[in-house]
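Okay, so here's the structure we're looking at.
The values are calculated or read from the model by the stated rules, or taken from the named source; none is laboratory data. In this text, all values refer to a predicted model and were calculated from it rather than measured experimentally. Cβ placement follows ideal geometry from the backbone for every residue including glycine, while neighbour counts extend to all protein chains displayed. Heavy atoms of the whole protein, side chains included, go into the accessibility calculation; ligands, DNA and RNA do not. Shrake-Rupley method; radii C 1.70, N 1.55, O 1.52, S 1.80 Å.
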Amino acid sequence: ADHGRPVLWPAAEAAGHATVYIVESWVRAPNSPNRTVHVYTNAPSVRLWLNGKLVTDSLAVEFFGAAVFQGVAYAPGNLTAEALSAHPAGQRLATHSVFTSGPAKTLRLTLDAPSPHTGTGSALVADGEDVAMVRAELLDEAGVLVKQDASAFASVTFRVVSGAGRLLATHSGGPADQQRGSSLKAYHGLARALVRSTEDHSTSPEHRRLLRRIDKDGGRGASARILDPDEVSSGDLPPIVVEAVVEGLAPARVSIPLTVDRNASPLAVASSSAARARDAERISYV
């Protein structure tokens, strides 16, 4: 089995693993009162609700396919896709909702990596090389991501407030994004910063001793500081604190935990996860 892909029906229905996802954001179309809505699901059928009212009949979904709803009348609010079972017919398996957003009122910072939710561990390895990905989201007063309002493209400025890290790069996810530096325009409410560890506490004493011999500029400028090979790190490292600022909104901060455990690196975490999945698969065949 591919552990990065949702289980498909009928196996999904039998196991209770239903996935449903509305592709589009729910905003008014520029030149039409109606919208076309695409929904991906591994369920046999799906239907749409708008502000608590059923607005479409259920559509059958082909294997590896999608449901396409034409001419859905737009009204601001909550559009929900409901995945339905075949046996018994019409039983709700899962839902996914998208919301019409207002202007940005708050700025939120979270971690895309390291994060257990993305399979990238729970802490940044303090080796002078590991990189964290910080997500900035522009939210309206209801906590909904702002995608289409003018404020969804506001300028976001990142900085490292404290801790052994430095700002490596920023990006908005925009396909034409060529911005450089600590400030950039968000793209549909999102911006990201990459933050690199700047001190090596976690590699072996032999490795650090060799680095200190060949890299006389270690610890200067953007290069990482190499911990004394004869010094044993306590492992209790202060986190890297990152702040983002958007004009007119309260600043937001996030802490990136640090560890000296090299088993917390993304590669090691991924290898461990894959090994557990293989073991579980072998057991299922026994």
Next item on the list: Might you tell me the accessible area per residue for the range 45-178, computed with a 1.4 Å probe and given in Å²?
Entry: 49 Å²
Item checked: Gyration tensor (alpha-carbon) shape descriptor, the range 199-258, a/c threshold 1.5 -> oblate
Next item on the list: Lys and Arg at +1, Asp and Glu at -1: add these up for the other residues within a Cβ distance under 14 Å of Arg212 and post the number.
Entry: -2
Checklist line | Glu231/Arg92 FRET efficiency (R0 45 Å; Cβ-Cβ; nearest 0.05) | finding: 0.15
Item checked: Label point 7 Å beyond Cα of Lys185 along Cβ direction - residues of the range 146-160 with amide nitrogen under 18 Å -> 146-158
Next item on the list: Mind sorting out which of (1) 21.0; (2) 19.8; (3) 27.8 is the real mean projected area of the Cα convex hull in nm² computed from the coordinates?
Entry: (2)
Next item on the list: Please work out how much length the chain gains when fully extended from Val131 to Gln178, using 0.36 nm per residue of separation minus the C-alpha to C-alpha distance, in nm with one decimal.
Entry: 14.9 nm
Check: In straight Cα distance, which aspartates and glutamates are under 17 Å from Lys147, not counting same-chain residues fewer than 8 positions off?
Finding: Glu24, Glu137, Asp177
Item checked: Nitroxide proxy distance, nm - points 7 Å out along Cα→Cβ at Arg253 and Arg108 -> 2.0 nm
Next item on the list: Could you tell me what percent of the DSSP beta bridges with both partners in the range 41-196 are antiparallel, to the nearest 5?
Entry: 100 percent
Item checked: Positive minus negative residues near Ala75 (Lys, Arg vs Asp, Glu; Cβ under 13 Å) -> +3
Note to self: Within 12 Å, Cβ to Cβ, of Glu243, how many net charges do the neighbouring residues add up to if Lys/Arg are +1 and Asp/Glu are -1?
What the structure shows: +2
Checklist line | 222 nm mean residue ellipticity, helices alone, for the chain (DSSP H n ≥ 4; -39,500 (n - 2.57); rounded to 500) | finding: -4000 deg cm²/dmol
Next item on the list: Would you kindly find the accessible area of Glu129, with a 1.4 Å probe and non-protein molecules such as ligands, DNA and RNA excluded, rounding to the nearest 10 Å²?
Entry: 120 Å²
Notebook entry, point to check: Roughly how tilted is helix 266-285, in degrees to the nearest 10 and between 0 and 90, from the longest Cα axis of the chain?
Noted result: 50 degrees
Check: What is the range 72-148 by shape, rounded, prolate or oblate, if you read a ≥ b ≥ c off the alpha carbon gyration tensor as root eigenvalues and call it rounded for a/c under 1.5, prolate for a/b larger than b/c, and oblate otherwise?
Finding: oblate
Checklist line | Accessible-area ranking of Trp49, Trp26, largest first, probe 1.4 Å | finding: Trp49, Trp26
Next item on the list: Would you mind checking the tilt of helix 205-214 against the longest principal axis of the Cα atoms of the chain, expressed as 0 to 90 degrees and rounded to 10?
Entry: 70 degrees
Checklist line | Spatially proximal aspartates and glutamates relative to Lys53 (Cα-Cα < 13 Å; intrachain offsets below 8 disregarded) | finding: Glu82
Notebook entry, point to check: Carbon and sulfur together cover what percent of the accessible area of the range 160-286 at a 1.4 Å probe radius?
Noted result: 53 percent
Checklist line | Förster radius 30 Å - calculated FRET efficiency between Ser115 and Asn31 (Cβ-Cβ, nearest 0.05) | finding: 0.15
